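The next block holds one structure in the form of structure tokens; read it before the comments.
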Amino acid sequence: MTLRLAALSLAALSAASTAMAERTVLSGGNVIDVRTGDIMTDASILVEDGRIVGVGSEDSFGLDGAETVIDLQGAYVLPGLSDSHVHLTSRHDDHGYRGLAVSLPRATISGVANAQKTLRAGFTTVRNVGAGGYSDVALRDAIMDGEIPGPRVIPAGVALGITGGHCDTNLLPFEYKDRAEGVADGPWGVRQKVRQNVKYGAEVIKYCGTGGVLSKGTKIGAQQFTAEEMEAIVDEAHLLGLKVAVHAHGTKGIRTAIEAGVDSVEHSSLIDDESIELAKEKGTFLSMDVYVSDFILAEGEEAGILPESLEKERQVGRAQRESFQRAVKAGAKMAFGTDAGVYAHGLNGRQFAYMVEWGMSPLQAIQASTINNAELFGMSDSIGAIEVGKEADIIAVDGNPLDNVKELEDVDFIMVDGSVFANELGE
């Protein structure tokens, strides 16, 4: 399939404000209501100033013939997808000690390329949960200003972690005095880091509440940060109007974080039934990256992942999928988060099939990446569904993803903020 990125060149992006003043009709598609799974056949969408202003019959739009018409006849049309857990400035082939050779400018340049790959995959909004030097904030700003193509980015800035924890840098010996930017200890220390993140443009706070797979010398099940420290992080973030995501694999760390009031638990690998019920009670989202294990175990060694990390993934990968299955069955709030950057960017859509394999219907998997993430992000008024008043973030695929969710692995049409980024329908 030939890639048609010419549909939205950088020059077109910089002129988006002019283009959005025009009206565009997306004509004759099968529009999926992601809330119910109902399909409106031979339906059209009217876009004006980057927003959806009409859905249904073209006869009801009051068209004057000056509109740009794009034929989506026979295609299945959905809202733009979203991913609650990505690392745009990270590369899948720079794991372990290789990462020490990557400068902040080089990582940021990689972020530019990865943002475009992510948008090309049909993901129009992403939450970037941790990046060095506030490079994700810079990426967000460049995309918003039309300098580069990419999805809407919700940046976390630097991730908070304890000394020697998963969000610290543990690869070099003592004499190098290496320390990650987000490391803080004690309730007032973590409050200061939250304030620093807000100062430099973060829109969500991410902290590491347990050990992790890819960090050297940490235990997956061990809690990091005390309950008092977690409560301080959440309290400070919520005071300042930001939501909180916690990296947590271990059971105790997951429960402590939920009790502290986090908005989402990332990974949730060893969550127990009691904590699932607590998450339901508190409305906490679970963001479980059930695809990435396949990449780590199949290609991780070649990508530089350390032997101890490969062993940890062997211990936790299937357990996470079984936890996902229990959480879905119990009716917990489920987000769509993939940990893109651990594996290659642009493959985010591969996770849908794994979510279906492990207990979701195709509609539930799609809802996780649309209306569920929109709620988690606090953006339900603007994204997540094809409805009048929402942002014109719209995708289309040749086949019905409610019958075969793998259709979302190869998105054919992408519109973001009312501008067409790619259109391969009919090829």
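Each value in this text was obtained by applying a stated rule to the coordinates, not by laboratory testing. Model, not experiment: these values are computed from the prediction. Because the Cβ atoms are built from the backbone with ideal geometry, glycine has one as well, and the counts that use them run over all protein chains shown.
Condition check for GLY122 on (1) within 25 Å of LEU425 (Cβ to Cβ); (2) of a type outside the set (Lys, Arg); (3) in contact with an Asp or Glu (Cβ under 6 Å, 6 or more places away or on another chain): one failure, at (3).
If you check GLU301, GLU308, GLU375, GLU357 for being acidic (Asp, Glu) and either touching a Gly at 6+ places or on another chain (Cβ under 7 Å) or under 22 Å from GLY250 (Cβ atoms) (or both), only one passes: GLU308. If you go through the stretch 374-424, how many residues are farther than 20 Å from ARG350 by Cα and touching an Asp or Glu at 6+ places or on another chain (Cβ under 6 Å)? Looking only at that region, the number is 3. Scan HIS85, HIS95 and give me the residue that is surrounded by 15 or more Cβ atoms within 10 Å (Cβ to Cβ) and within 27 Å of ASN372 (Cβ to Cβ). Only one candidate passes the filter, namely HIS85. For the stretch 270-298, filtering for residues that are closer than 20 Å to LYS252 by Cβ, touching a Gly at 6+ places or on another chain (Cβ under 8 Å) and either touching a residue at least 40 places away in the same chain (Cβ under 8 Å) or among the hydrophobic types (A, V, I, L, M, F, W, C) (or both) leaves 4. Within the stretch 221-237, the residues that satisfy the criterion of being closer than 19 Å to GLY182 by Cβ and assigned to a helix (DSSP H, G or I) are GLU228, GLU229, MET230, GLU231, ALA232, ILE233, VAL234, ASP235, GLU236, ALA237. Taken over the stretch 99-119, residues that are closer than 23 Å to GLY378 by Cβ and touching an Asp or Glu at 6+ places or on another chain (Cβ under 9 Å) amount to 1.
Cβ separations smaller than 9 Å between residues 6+ apart or across chains give the following pairs from the stretch 305-332 residues that are under 20 Å from ALA344 (Cα atoms) and touching a residue at least 40 places away in the same chain (Cβ under 8 Å) to residues that are surrounded by fewer than 21 Cβ atoms within 10 Å (Cβ to Cβ) and among the hydroxyl-bearing types (Ser, Thr, Tyr): LEU306/TYR97.
How about the stretch 384-406: which of its residues are acidic (Asp, Glu) and surrounded by fewer than 22 Cβ atoms within 10 Å (Cβ to Cβ)? Answer for the stretch 384-406, where residues must be acidic (Asp, Glu) and surrounded by fewer than 22 Cβ atoms within 10 Å (Cβ to Cβ): GLU387, ASP398, ASP403. When only residues in the stretch 310-332 that are over 21 Å from GLY359 (Cβ atoms) and out of contact with any Leu (no Cβ under 8 Å at 6 or more places or on another chain) count, which is surrounded by the fewest Cβ atoms within 10 Å (Cβ to Cβ)? The selected residue is GLU311. If you check MET355, MET415, which single one turns out to be crowded, with 22+ Cβ neighbours inside 10 Å and over 30 Å from GLY99 (Cβ atoms)? Only one candidate qualifies: MET415.
Conditions (1) within 25 Å of the chain's Cα centre (by Cα); (2) crowded, with 23+ Cβ neighbours inside 10 Å; (3) under 11 Å from GLY161 (Cα atoms), marked per residue:
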| site | (1), (2), (3) |
| --- | --- |
| PHE174 | no, no, no |
| LYS177 | no, no, no |
| ALA180 | yes, no, yes |
| ALA184 | no, yes, yes |
| TYR200 | yes, no, no |
| ILE205 | yes, yes, no |
| GLY209 | yes, yes, yes |
| GLN224 | yes, yes, yes |
| ALA227 | no, no, no |
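Just so you know, in the stretch 107-139 the residues that are among the β-branched types (Val, Ile, Thr), within 13 Å of PRO149 (Cα to Cα) and crowded, with 22+ Cβ neighbours inside 10 Å include one that is nearest to the chain's Cα centre (by Cα), and it is THR125.
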